[in-house]
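See below for the structure under consideration.
What follows is calculated from the coordinates using simple rules that are stated; it is not laboratory data. Computed from a predicted model, the values in this text were never measured in an experiment. With ideal geometry, Cβ positions are generated from the backbone for all residues, glycine too; neighbour counts draw on all protein chains shown.
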Amino acid sequence: MMEQSFEKKESRADRIKVLVMGPHAAGKTAILRQTIYGFKADQLRDILPTILVDVPPETKKGKYLCRFFECGGQERFFEEYHRPENERNIFSKVNIFIFVVDSAKEELFPFAHKELWRALIKLSKYSPKALSIVFAHKQDLSKAFSPGEVMDLLISPPGRVYPTKLDFDAELVKNAEKIAKRTVCYGTSIEELNYKKGGNENVWIKADEAIMVTLQIYSKFIQKFEESIEALESEGDTSRRLIREVLERLNREVGALGSMLIDKSSGLSVASTVAQDAIAQSMMGLVVLNSAKVLRELGERVLNIMVLRGEDNNVMMVNVTDDFSLLVILPLETDVELGYALYTVSEAAKKIKEIL
């Protein structure tokens, strides 16, 4: 019975979601048919465009059981993917993200740039651990831009090369930039490497082989990711303990009901002396639980300390760094002077910043 349970667990661990996106006619369907069914290039002509999302049967590649989600590349389809009611289904639980672009269609690069960055932002929200890959496809064509050129153009920050405007939360854009920095680009084609059109001298990886290379990289990526997380958690345990000591000292000095350090990108408590259920029982608790959103919206306008007055208690908010904020919950009736409380909270924020 234990062996069966272990086998099932292993099976679940090896099953991965591969999200494939890119502009229309970039070659996404041909890549997947070559990968899944072993089709040759001459069997992949005149393929009908994908309507919205196509999910072929799971296919075993190496040690992974892959479920490919191929998204049609027409502009109206992208708008559907990013609708609030659809985006979670599309972008959540993604292990590998492959963005395919026709390297010979320079006129589609601005559109590809916009959609790549929109996708990276949604991945940073729903699948921040996803491995991101760009396929600079159709390298066999004579007008194809090299993988390096495609990478430089598509990964360039919004507004630098193309006038892409991203109307998203600044923290999500910042997290998307982290994914962009670790994105890898391959030159690919469904043609054999010795196939040259128009004297083109570009070198590429055959598309189905590029998928296999991507899976190998994913295996190493996950291993390194887990190792780095373990190291950060070990380091984080010490930091959290030191921060908690600062919070407890702060509570005693200003007579606070509790205090916490909030990660503004996620809204989660990094270190706290307050029970979440106790907070939620008061109206001011709603302010505390939504403080990350408040602080993100106010941004740099919270230069010092903001005091929110409620029916049950008062809350002091102060930005410690760009990523973290300190919240202190004070009773309405207190013997501590406001000036002293402000000074003490400010000093505590400085100490926490040193720890971080």
In region 304-356, the GluC sites (Glu not before Pro) that sit in a DSSP loop and have at most 16 other Cβ atoms within 10 Å of their own Cβ are Glu311, Glu333, Glu337
Quick calc: nm separation of the 7 Å Cα→Cβ label points for Glu347 and Ser146 -> 5.9
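Taking the Cβ of Val20 as the centre, find all other residues whose Cβ is under 10 Å away and add up their charges (Lys, Arg: +1; Asp, Glu: -1). Provide the component values of the computation, followed by the final result.
Values: positive: Lys28; negative: Asp54, Glu70.
For residues surrounding Val20, the net value is -1.
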Hits in region 104-123: amide N under 18 Å from the 7 Å Cα→Cβ extension of Ser156, namely 104-118
For the pair Arg15 and Glu337, the simple spin-label estimate (label points 7 Å beyond Cα toward Cβ) gives in nm 6.5
FRET efficiency (Asn89, Glu253; Cβ distance; R0 41 Å; to 0.05) is 0.25
Between the modelled labels at Ser219 and Lys63 (7 Å from Cα along Cα→Cβ) the distance in nm is 0.6
Ordered by number, the trypsin sites (Lys or Arg not before Pro) in region 37-103 that occupy a DSSP loop and have at most 16 other Cβ atoms within 10 Å are Lys40, Arg45, Lys63, Lys93
Relative contact order of region 40-92 (C-alpha contacts under 8 Å, at least 6 apart) in percent is 28
Violations at 19 Å Cα threshold for listed pairs Lys61/Lys125; Lys129/Lys174; Lys63/Lys220; Lys17/Lys138 -> Lys61/Lys125; Lys17/Lys138
